[in-house]
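Novice: Mind looking over this structure? Questions follow.
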Amino acid sequence: MTDVTAGSVWQLDIAQLKQANATMRLANQALAADDVAVLSTLGFSLAHIRELRSKGGFRTSSIAQNTRMINCLKQRESAHAD
C-alpha cells in the first residue's frame, strides 16, 4: 500500500494546475495564430475550439487564479513540512 501524505497530494495538485496553465497559455497562443492543428494536438475538439474562439480564448483571470492556488498550496506544503 502506498502512503499518500498531504504533501504528495499537494504536489500532484500543483503539477496539475501548472499543466492546466501551460495548456491554457499554449491554447491562447494557438488561437491568436489561428493554428487549429496545435489546438487539436492539445486535445481540443472542433466544438471546443469554436467556443474558445467566440470567447476570445482562456481568460487571464483563470490562469491567475490557478497561479494563486499553486502559491497557496506551496505555502501549505511548506507549513506542513515544518
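Only the coordinates and a few stated rules stand behind these numbers; no lab work does. Owing to the predicted nature of the structure, the values given are computational and were not obtained by experimental measurement. Glycine also receives a Cβ, built like all others from the backbone with ideal geometry; neighbour counts cover every protein chain displayed.
Novice: Less than 15 Å Cβ to Cβ from ASP35, Lys/Arg counted +1 and Asp/Glu -1: what total charge do the surrounding residues give?
Specialist: Taking every other residue near ASP35 into account, the sum is +2.
Novice: Now for a different question. Rounding to the nearest 10 and keeping the result within 0 to 90°, find how far the Cα-based axis of helix 46-55 lies from the longest principal axis of the chain.
Specialist: 90 degrees
Novice: Additional query: Note the full-extension length gain between ARG25 and HIS80 as 0.36 nm times their separation in residues minus their Cα-Cα distance, in nm to one decimal.
Specialist: 16.7 nm
Novice: If you don't mind, there's one more thing I want to ask. Run the dipole for the chain about the Cα centre, Lys and Arg Cβ at +1, Asp and Glu Cβ at -1, nothing else charged, and hand back the magnitude in debye, nearest 20. Could you put the intermediate results ahead of the total?
Specialist: Details: 9 positive and 7 negative charges, 69 e Å.
Charge dipole of the chain: 340 debye, to the nearest 20.
Novice: Moving to a separate point now. Hey, any idea what Rg/Rh is for the chain, computing Rh the Kirkwood way over Cα pairs?
Specialist: Rg/Rh: 1.13.
Novice: May I pose another question? With a 10 Å radius around each residue's Cβ, average the other Cβ atoms per peptide and rank 31-40, 53-62, highest first.
Specialist: Values: 31-40: 13.6, 53-62: 12.0.
Highest to lowest by the protection proxy: 31-40, 53-62.
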